[in-house]
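Each remark here refers to the structure printed beneath this line.
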Amino acid sequence: MVGLFAAGTILLNPPILNLVGGTLFGWPALYLYLFVVWGLLIAVIGLISESSPGQANERDKDSASR
Amino acid sequence: MSQSILVAVAVAYLLLLFAVAWLVERGSGRVSRLTGSSIVYTLSLAVYCSSWTFNGGVGKASQTGLDFLPIYLGPTLAFCLGPIMIRRMLRISHANRITSIADLIGARFGKSGGLAALVTIITVIGLVPYIALQLKSISVGFSALSAGFGPAQPASEPMLTDGALWAAVVLTIFAMLFGSRSISPDEHHPGMVVAVALESLLKLVFLTAIGLFVGYGLFNGFGDLFSRAATIPDIQAVFQEAPANYGYNWIAMTFLAFAAIFCLPRQFQVMVVENTDERHLDRALWLFPLYLLAINLFVLPIAIAGRIMLPADTDPDNLVLSLPLAAGHPELALIAFLGGLSASASMVVVETTALSLMVCNDVVMPALLRIRSLGLEHKPDLTRLLLWVRRLVMIVVMALGYFYMRHDSAPFALVSIGLMSFVAVAQFAPAILGGLFWRGASKAGAFAGITTGFLVWFYTLLIPSFSRSGALGEEFIAHGLFGIELLKPYALFGLEGLDPVTHSTFWTMLANIGAFFFVSLFVRQSPVERARAAMFLGVADPDEEARFWRRTALVPDLMSLTARFLGREKAAAAYAGFARTRGVDPATAVQADAETVLFYERLLAGVIGAASARVLVGSIVEEESLGVDEMMRILDETSRVIEANRQLEEKSQALEAATTELKAANARLQVLDRLKDDFVVTVNHELRTPLASIRAFSEILRDNPDLPTDERLDFLRIVVTESERLTRLINQLLDLSKIEATGSMPADRASVDLAAVVRESAAAMQQVFAQSRVKLAIEIDADPAFVVGDHDRLVQVVINLLGNAAKFSPPGRGKALLALRRAGEHLELSVTDNGPGIRTEDREVVFERFRQLGDTMSDKPQGAGLGLAISQRIVAQHGGRIWVEGSREGGAVFKVRLKAARTKAPAAGRIRVPAG
């Protein structure tokens, strides 16, 4: 998740952001770029957090025993 | 649209929301089951999207393009770190019953009341503009809808017809009803959460509806929209060739939004305080960013459409309303208005609730409790007081917001005001993150960081915002304080070229983090702080807190104290639950131990804040004075145990290695010991045999003086032979021990000619071979053959080998061959016989001491069994090798291989005269 944070921070901030310009299929390329990267980021967060519920359960037990 | 209809619709809408909340709190039917779902949790998080998103985002997009987005990218990035950051915040807050951001900071830094109060005051000052912004947005929308469209100036209207005033009043009532209906220890407001979730859902649906309407109702799809935008150079410049503009301000806004998602009181309220189940976070981690994405999808298209279709002087913050109106769809405009209203209402309600909690718990109650003359300690029931304090705070906050709006906000766009608040609350981020992840973060550091950050904010953002609206005059911004250019609030120390928010973000964060870090480094933490730090960093268990403060009290005292703030029934129920988990009968227990005291303190902390709870409980408990030393001892115990564990592990590893070595050494010793025993036994046997026969024959001679001369001579001859054998044996033993004692170095190092050695030895053994009737042949292929070594020893080796050959070859037809040849760098000496040979399995052992092949019981030993052992050691000392092979005729071949010397000159060679 920390890696994801780093990747997201780099991809969604200047100067990488400023590399994207012009239009794509008549749409502003930056608009497409931002939403696609954003969507992918969310998808990866979702995959990670939904596929490892064991982690959360374990922690629940942990906190329940306190 | 007439104003009265508009008001009626708005009020009806709010009433509907209230009805939903009321149903939930009543706990009736399906509605109440909604409270425990992760979807509702996620939607309630979306209170983040205030009217700012709904109206301001579009406004900003229409002016400067995509740079409204970092405000939503920041939270997404923060949620990437959610499993680490947010989860820890949740867990700590639940364990300590923390109910606000001020509480969290106060609790982390030694349950500091002062720090909590500071945070609260900053929050209120920082957020008043934000609340004003919501009111402004409602009033602007209201006037835009009722008066058609166009530039709206709410401040110019008389107060009573100002929609914002009525909105403020209604929302205050709303907040009071939801946020301070009753006192409960966990500060859950399920009704409010569900209502907020519903509003979040509606604002998403409404904005999407307008987006679709713009895309497909006003244009032929979004492609058409974008291509038409591309034809207008003005718009194209903003939306399509803007990227070069996104520099520091993009980064600053991402950072601000990142901090805001956990520093804004309303976010903390819905994310942490209202969280009922930690597992909800798992889903919210991706669902909430998805919500943000969805709600922003149509912002840019709507903004572009606004730019294309509406006159240039339209208030950009009103685009969402103006577009449908301009297109002749007032019902859609109404929807847009309700969406904006939803956004504002939920934000204001949650924000004021959170603020009222903070102000009440961290500023008002501690102050009231300190004033002795009020006698609050003796009032039986304080729950009503608490509630009214909170309601009063709500009214005050709302009033402040309203007056700020009327006074100040008109010239600003929504986003600028909102960002100002973001910068203010971002001042807590270093203290919170540092507190959660850095053990060394100290109270003094947090104090310094927050204070300096806030002061810089005050100077670079808040004061200029007043002066821009005319209160202080433009002088201040243009020329700085006292006309000093370096102190210009928007270009502090000459830092120009940044917009005010980015500029302020940079300076506040620099001051804040710098002060926080350095003061933390240089000011020692108090023991209490260290204890709290350990707890927050998960080093110590939260319940271990009981060990730090050994406090005892009487249960009835604690009970009556708690009941005054919480109500008797709730207090009793909570204690009964606690007692059950500990297996104590709540009716009979009188003495409260440290853990019970801690439980009560946390229960109270949920209602009046950690700092106040500590003071209150402290007034009735007996505290065993726990010396600093002892505190440190307990605190450091954990780390010391870890350290000790590590050392133990290292030691045991070392021990294991030592044991292995010892075992190996022991095994070697045991072998040596066995060999020594064998040796002693054999020596014993070998010495006894000749001695016994000497003695026996001597006794016979002594006792029988009349023996015939022949016999007597015979016996005497045996005695002499045996004595000789004994002497030889003893000599050999001495030899062996001498060789073994000298180690691996030859006794003498000289150039020795092996060919000479061979000839010499053969001459010496000539007689022996003649007696044994064995033929000895000699082959010398290398002459001279120099090696480095001891001449006498090498002669001894050859004689030994020849002796064996003579001994074991069959008399009469025995043939022995002594050969010397060169083999590469080595010289090889071999002695071949045609005796019985040596079995393959015995070829290693013949070189051991006293090892005699064959059955020693029946065969008469033909030697001491030391010859080969001695030879082997001598050869080894010369760095060579001796081994035995089988010959073609079945006999044995003993071979010795020695390294040839480089110099052939026998300079140092000793010339030996062959003996005999």
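The values are calculated or read from the model by the stated rules, or taken from the named source; none is laboratory data. Remember, it's a predicted structure, so these values are computed and weren't measured experimentally. Quick reminder, even Gly has a Cβ in these numbers, built from the backbone with ideal geometry, and neighbours come from all protein chains shown.
Looking at B:ARG614, B:ARG564, just one residue is more than 30 Å from the chain's Cα centre (by Cα), over 26 Å from B:PHE109 (Cα atoms), assigned to a helix (DSSP H, G or I) and modelled with pLDDT under 75, and that residue is B:ARG564.
Considering segment B:313-329, the residues that are within 19 Å of B:LEU66 (Cα to Cα) and out of contact with any Lys or Arg (no Cβ under 8 Å at 6 or more places or on another chain) include one that is surrounded by the fewest Cβ atoms within 10 Å (Cβ to Cβ), namely B:ASP315. Among what's in segment B:288-315 and is facing chain A (nearest Cβ under 8 Å) and of a type in the set (A, V, I, L, M, F, W, C), pick the residue that is nearest to the chain's Cα centre (by Cα). Restricting to residues being facing chain A (nearest Cβ under 8 Å) and of a type in the set (A, V, I, L, M, F, W, C), the top hit is B:LEU290.
Of B:LEU332, B:LEU293, B:LEU285, all but one fail to be surrounded by fewer than 20 Cβ atoms within 10 Å (Cβ to Cβ) and assigned by TED's automatic domain parsing to the domain that holds B:PHE226; the exception is B:LEU293. The number of residues in segment B:853-910 being at pLDDT 70 or above and on the phi > 0 side of the Ramachandran plot comes to 2.
Summed over segment B:617-658, residues that are under 30 Å from B:PRO366 (Cα atoms) and modelled with pLDDT of 80 or more total 0. Return yes or no: is B:ASP781 surrounded by fewer than 15 Cβ atoms within 10 Å (Cβ to Cβ) and more than 60 Å from the chain's Cα centre (by Cα)? It is true that B:ASP781 is surrounded by fewer than 15 Cβ atoms within 10 Å (Cβ to Cβ) and more than 60 Å from the chain's Cα centre (by Cα). May I ask you to list the residues in segment B:89-108 that are in a helix (DSSP H, G or I) and more than 11 Å from every other protein chain (Cβ to nearest Cβ)? Of everything in segment B:89-108, those that are in a helix (DSSP H, G or I) and more than 11 Å from every other protein chain (Cβ to nearest Cβ) turn out to be B:MET89, B:SER93, B:ASN96, B:ILE101, B:ALA102, B:ASP103, B:LEU104, B:ILE105, B:GLY106, B:ALA107, B:ARG108. For segment A:26-66, the candidate set comprises residues that are at the interface with chain B (Cβ under 7 Å from one of its Cβ atoms) and assigned to a loop (DSSP other than H, G, I, E, B); within that set, the residue that is modelled with the lowest pLDDT is A:ARG66. Confirm whether B:CYS49 is within 25 Å of the chain's Cα centre (by Cα), under 28 Å from B:ASP277 (Cβ atoms) and either more than 14 Å from chain A (Cβ to nearest Cβ) or without any contact (Cβ under 8 Å) to a residue 12 or more places away in the chain (or both). No. For segment B:681-704, does any single residue satisfy the condition of being among the acidic types (Asp, Glu), out of contact with any Pro (no Cβ under 6 Å at 6 or more places or on another chain), farther than 30 Å from B:ASN800 by Cβ and loosely packed, with under 10 Cβ neighbours inside 10 Å? Looking through segment B:681-704, at least one residue is among the acidic types (Asp, Glu), out of contact with any Pro (no Cβ under 6 Å at 6 or more places or on another chain), farther than 30 Å from B:ASN800 by Cβ and loosely packed, with under 10 Cβ neighbours inside 10 Å. Scan segment B:68-88 for residues that are facing chain A (nearest Cβ under 8 Å), assigned to a helix (DSSP H, G or I) and either of a type in the set (Lys, Arg) or more than 13 Å from B:ALA260 (Cα to Cα) (or both) and the total you get is 2. May I ask you to say which residue of B:PHE239, B:PHE268, B:PHE262 is facing chain A (nearest Cβ under 10 Å), surrounded by 23 or more Cβ atoms within 10 Å (Cβ to Cβ) and either within 26 Å of B:MET358 (Cα to Cα) or at pLDDT below 75 (or both)? The match here is B:PHE239.
Out of B:ALA252, B:ALA229, one residue alone is modelled with pLDDT under 75 and in the same structural domain as B:VAL40 (by TED's automatic domain parsing). It is B:ALA229.
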